[in-house]
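Nothing in this text is a laboratory measurement; each read-out follows from the coordinates by a stated rule. Since we're looking at a predicted model, the values are computed, not measured. FYI the Cβ positions are ideal-geometry reconstructions off the backbone, even for glycines, and counts take in every protein chain you see.
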Amino acid sequence: MTITTNSTSLLPIDVKTFWQTLAQRATGITIVTAHGDDGPAGLLGLSAAHVTANPPTVLISIDKTTTALGAILSRRHFAVNYLPAGADAVADAFSGKAGLSGADRFLDGQWDTLVTGAPVFKNALGAFDCVVDDVIPRGDTSIVIGLAVASRVDASRSPLVFFRGAMRSDLGE
């Protein structure tokens, strides 16, 4: 099959259309955390993804204005925590909906560390503890690539997902 496109005739999509299109895919809700110079920091992340299994590598995309990015870059580590169903309050704390910032975001739930010192949510379905390998600037975002140095898995529960603009514990309509 051959596909040809005249790239000069493609129209760019606007930001609203871009986000509406992404909302049509269900994605696991992650909390990305680090322990920076001013204490623990974190954000709700919907763009964590694997890069390769050999070596174990993940990437996160973070808005350059997010304060947690400074913690990640200063200490060169981060953790990706996959939230279980029922962890809505934790997700709200890190999304900004609860009006919390900095270390106050860690008041709900139990936290510990694995290797790097990045906070890991004890009830996470899975967590990767990573050291920063590379940072790629792209528009208003930094793509942070991390080598996973430790992980933890708890496959006993269902995930909390983001679908069509809302957190859900199931994908029912």
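Annotations
- Taking Cα centre as origin and charging only the Cβ of basic (Lys, Arg, +1) and acidic (Asp, Glu, -1) residues, the dipole magnitude of the chain rounds to 240 debye.
- Evaluating kT/(6 pi eta Rh) at 4 °C and 1.567 mPa s, with the Kirkwood radius of the chain over Cα pairs in the Stokes-Einstein relation, gives 77 µm² s⁻¹.
- Only one residue of A48, A34, G117 has its Cα farthest out toward the positive end of the dipole of the stretch 1-142, where Lys and Arg carry +1 and Asp and Glu -1 on Cβ, and that residue is A48.
- Computed label-point distance, nm, for sites D170 and K16 using a 7 Å Cα→Cβ extension: 3.3
- Counted by Cβ distance under 12 Å from T33, the other residues give a net charge of 0, where Lys and Arg count +1 and Asp and Glu count -1.
- Potential extension, F163-S101 segment - 0.36 nm per residue separation minus Cα distance: 19.9 nm
- Separation in nanometres of the label points that stand 7 Å from Cα toward Cβ, at D38 and D133: 3.0
- Estimated distance in nm for a label pair at V153 and D112, the labels positioned 7 Å out from Cα along Cα-to-Cβ: 1.9
- For the chain: relative contact order, % (alpha-carbon pairs under 8 angstrom, 6 or more apart): 26
- Our helix-only sum for the chain, with -39,500 (n - 2.57) per DSSP H run of n ≥ 4 divided by its residues, gives a mean residue ellipticity at 222 nm of -4000 deg cm²/dmol.
- Net charge over other residues, Cβ less than 13 angstrom from the Cβ of A98 (K, R count +1; D, E count -1): -2
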